[in-house]
Amino acid sequence: MKYEYMKQVNSNLYEIPVETVKGMRVPARIYASAELLQDMDDAVMRQITNVAMLPGIQEYAFCMPDGHSGYGFPIGGVAAIDIENGVISPGGIGFDINCGVRLAVTNLTKDDIKPYMKKLMDALYSKIPSGIGGSGIVSLADQKFDEAMVKGAAWAVANGYGEPEDLVMCEEKGCIQGAEPASVSQKARDRGGKQLGSLGSGNHYLELQVVEDKNIFNRDAADVLGLKGKGQVVCMIHCGSRGFGHQVATDYLRKFAAVVNSKYKIDIPDRELSCAPFDSEEGRDYFGAMNCAINIAFLNRQLILHRVREVFCDILRKSPAEIGFNQVYDVCHNTAKLEEHTVNGKKKKLIVHRKGATRAFSSGMEEIPDAYAKLGQPVLIGGSMETGSYVMLGKEGNSAFYSTVHGSGRVMSRKQAKKSFKGQDLLLNMESKGMHVRTGSYSGLAEEAGGAYKNIDEVIKATESAGLSSSVARLVPLGTIKG
Amino acid sequence: MGYELLDEGTFADVAVKCKAERLEDIFKYNSEAFAAIILDDTDAIKGNVKKILRVQADEPDLLLFDFVNELIYQKDVNNLLFLPGNIEIERQDGMLHLVASMKGERIGKKCSFIVDVKAATMHELSVIQDNEGWASFMILDV
């Protein structure tokens with residue numbers, strides 16, 4: 001075993017016992033195959049152990065199979081915390097509040113769009129703001145911005161940026177309750193107001209992907225989700241709440257750091273885990289502001305999808321109905337949400353922190369669109385730009401508070417990746433394989449090379465074996481836009 | 001003396017380690033590191049825009065946290081990236097007051113970017129003084 005203090009629970013689950021480090025309130029559990037555990041860096045273990053020290057945490061601090069080191073929580077960290085005697089922590093959500101993934105299908109095949117591919121990619125790159133600086137598709141301030149913070153994707157649809165069906169096929173219907181614009185600072189408004197409808201940079205992307213028959217693992221579910229195979233083209237969008245969410249998290253991290261010990265007498269091992277009781281003035285204010293950021297991220301992805309539809313209609317000279325650009329689903333992977341779960345036989349209301357982890361409700365649970373009620377919640381897993389992504393479904397019996405992976409997970413730091421890969425070579429190599437890439441940064445591209453990430457197929461295999469979620473289809477990249 | 005970009009303790013983000021004789025230079029090196037994380041070539045910052053940034057905090061580490069967040073705010077809101085000019089820090093009434101004269105450039109498509117900096121984190125954040133001078137460590141979310 002890589003770590004002496006760790007015990008193996010089964011072939012895909014490892015535990016750090018509660019007595020390992022002073023201050024742990026519950027054990028920490030890491031979902032991983034032996035190979036994936038080997039690849040996880042030591043900081044993941046330190047960070048998930050720190051999470052286990054948070055007041056009110058229930059059962060276990062979990063780390064998903066795509067876990068890797070971050071700050072505060074590891075990426076892939078999950079903590080379900082009792083709202084009556086527990087805390088809320090911005091470090092358990094991350095700065096990019098409601099970073100998430102949206103997937104839409106088309107009626108088109110890769111052969112249909114092959115003659116237009118260059119034009120499509122150029123138009124998508126020029127019409128969808130990405131990278132650093134610049135503006136978004138929409139700019140909002142004052143009352144209109146407040147309205148958007150409360151309505152999320154519904155604001156976009158009401159203002160002509162999308163279809164009502166988009167809202168149905170979205171976690172929280174694209175509009176989480178409990179948003180309080182009064183809890184949002186002017187700085188967050190300044191940073192976020194002009195970035196609405198923009199991808200950002202780093203690991204965010206817009207990708208055209210292909211569904212092949214051989215990559216469909218659950219045909220019945222794929223049919224319901226609209227994944228037809230036969231070279232079908234789909235579009236995946238990965239981004240979050242941009243500067244708005246970053247500033248909300250920064251504001252409250254600073255506020256919580258000032259009160260966590262002095263006012264609330266909570267000892268934390270890492271200031272990034274600064275927190276306040278959920279039922280406190282600071283806790284309630286952050287929850288209200290965070291919900292605004294969740295809605296702004298839904299709005300952001302909605303605006304981008306609408307622009308993608310416009311570009312397709314324009315370049316292909318087809319109507320939206322002919323293209324059939326239907327949204328499959330939209331998931332969050334950086335949130336803290338109020339959910340009811342059974343703990344020791346009792347139903348409890350918990351604030352479930354997921355940082356780089358996706359909610360994965362099973363069939364029969366609330367919050368799933370009627371069309372998917374018998375399947376379970378779609379889970380959208382964005383892999384690296386060179387390998388592929390997955391569509392999965394929530395599964396009954398998930399013992400990590402119905403949470404699962406969110407992506408491949410890094411296996412190499414950004415610095416290591418830049419030493420190992422050259423952006424221009426990478427681009428040429430991808431294009432030689434028939435993949436189209438548009439990027440504003442070769443260095444940024446190198447940091448996101450497929451080799452910098454874990455093998456997505458291994459991550460998915462471990463995820464399925466652990467009973468966290470089940471595979472429906474693998475999506476192969478065709479064209480990637482990176483900020 | 002100067003800054004170093006590290007990947008210690010975080011795969012997804014970037015750590016900045018600085019050493020300096022004076023506390024003021026810790027802020028100078030951190031602002032240089034900030035620009036170097038974002039831009040392929042910081043020579044693109046010609047200094048056409050001059051701006052004075054002011055932050056205050058009760059501890060040096062929180063002063064650095066607030067200063068870097070001010071750089072992020074200027075980048076997002078005013079499309080400005082800076083290199084440092086003169087930086088002064090004074091302690092008054094138990095608070096540290098920083099006044100930084102910055103030389104900036106409006107960023108745009110002409111700049112060659114690496115990656116955006118979203119936020120300063122408090123994970124292992126430190127600004128400490130020892131026999132050799134000052135040292136800082138900060139992880140930036142990118």
Check your understanding: Which distance in Å, rounded to a whole number, links the C-alpha centroids of the range A:1-32 and the range B:85-122?
Key -> 41
Exercise for review: List the longest stretch of chain A that has no exposed loop site; here a site is one of the GluC sites (Glu not before Pro) assigned by DSSP to anything other than H, G, I, E or B, with at most 13 other Cβ within 10 Å.
Suggested key: A:85-365
Study note, to complete from the structure: Semi-axes a, b, c in Å (a largest) for the range B:21-141, each sqrt of 5 times a Cα gyration tensor eigenvalue, come to 24, 15, 13
Revision key, fill the gap. If amide H atoms are modeled at 1.01 Å from N in the peptide plane, then the residues at a separation of 5 or more from A:N334, or on another chain, having amide H under 5 Å from its own are A:N98, A:C99, A:G356
Revision key, fill the gap. GNM on chain B, Cα springs under 10 Å; top mean-square fluctuation among B:K19, B:K110, B:K51 goes to B:K110
Point to revise | Among B:G104, B:G94, B:G47, residue whose mean-square fluctuation peaks in a GNM of chain B (springs only between Cα atoms under 10 Å) | key: B:G94
Revision key, fill the gap. Per its Cα gyration tensor (rounded if a/c is under 1.5, else prolate when a/b beats b/c, else oblate), the range A:89-144 is best filed as prolate
Exercise for review: For the range B:63-142, run through the GluC sites (Glu not before Pro) and keep only the ones in DSSP coil with at most 11 other Cβ atoms within 10 Å of their Cβ.
Suggested key: B:E132
Review point. So what is log10(I(q)/I(0)) for the protein assembly as shown at q = 0.08, 0.09 1/Å, when the Debye sum runs over its Cα atoms only?
Key: -0.52, -0.66
Practice item. Would you mind computing Rg(Cα) / (2.2 N^0.38 Å) for the range A:323-474, counting N as its residues? Key: 1.21
Revision key, fill the gap. Taking Cα atoms only, helix A:142-151 is inclined relative to the longest principal axis of chain A by an angle, in degrees rounded to 10, of 80
**Study point:** Those aspartates and glutamates that a straight Cα-Cα span of less than 16 Å connects to A:K228, excepting residues fewer than 8 apart in one chain
**Key:** A:D111, A:D112, A:E212, A:D213, A:D220, A:E322
Point to revise | Nearest 10 degrees, 0 to 90: helix A:456-465 Cα axis against chain A principal axis | key: 50
**Study point:** Rounded to 10°, Cα long-axis angle of helix A:42-51 versus longest principal axis of chain A
**Key:** 60
Revision key, fill the gap. Quick calc, the protein assembly as shown, dipole around Cα centre from Cβ unit charges on Lys, Arg (+) and Asp, Glu (-), nearest 20 debye, gives 1320
Review point. Can you give me the Cα centroid spacing of the range A:398-438 and the range A:39-82 in angstrom?
Key: 22
Practice item. May I ask you to list the lysines whose Cα is less than 17 Å away from that of A:K415, ignoring any residue fewer than eight positions away on the same chain? Key: A:K454, B:K17
Review point. Please state the relative contact order of chain A as a whole percent: Cα pairs under 8 Å, 6+ residues apart?
Key: 22
Point to revise | Size of charge dipole - the range A:272-339 - debye, nearest 20, with Cβ of Lys, Arg +1 and Asp, Glu -1, no other charges | key: 560
**Study point:** the range B:33-83 versus the range A:197-229: alpha-carbon centroid distance in Å
**Key:** 39
Check your understanding: Which FRET efficiency value, to the nearest 0.05, do you get for A:D223 and A:S126 by plugging their Cβ-Cβ distance into 1/(1 + (r/R0)^6) with R0 = 41 Å?
Key -> 0.70
Exercise for review: Enumerate the amide H contacts of A:Q195 below 5 Å, restricted to partners 5 or more residues apart or on another chain; note that Pro and chain-start residues carry no placed amide H.
Suggested key: A:G136
Review point. Taking the Cα centre of the range B:21-141 as the origin, how large is its charge dipole in debye, to the nearest 20, when only Lys and Arg (+1) and Asp and Glu (-1) carry charge on their Cβ atoms?
Key: 820
Check your understanding: Setting aside same-chain residues fewer than 8 positions from A:K7, which aspartates and glutamates have a Cα under 20 Å from its Cα?
Key -> A:E15, A:E19, A:E35, A:D39, A:D41, A:D42, A:E59, A:D66
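Every number in this text was worked out from the coordinates using simple rules, so none of it is lab data. Here the structure is a predicted model, which is why all the values come from computation and not from measurement. Glycine gets a Cβ as well: all are built from the backbone with ideal geometry, and neighbour counts include every protein chain shown.
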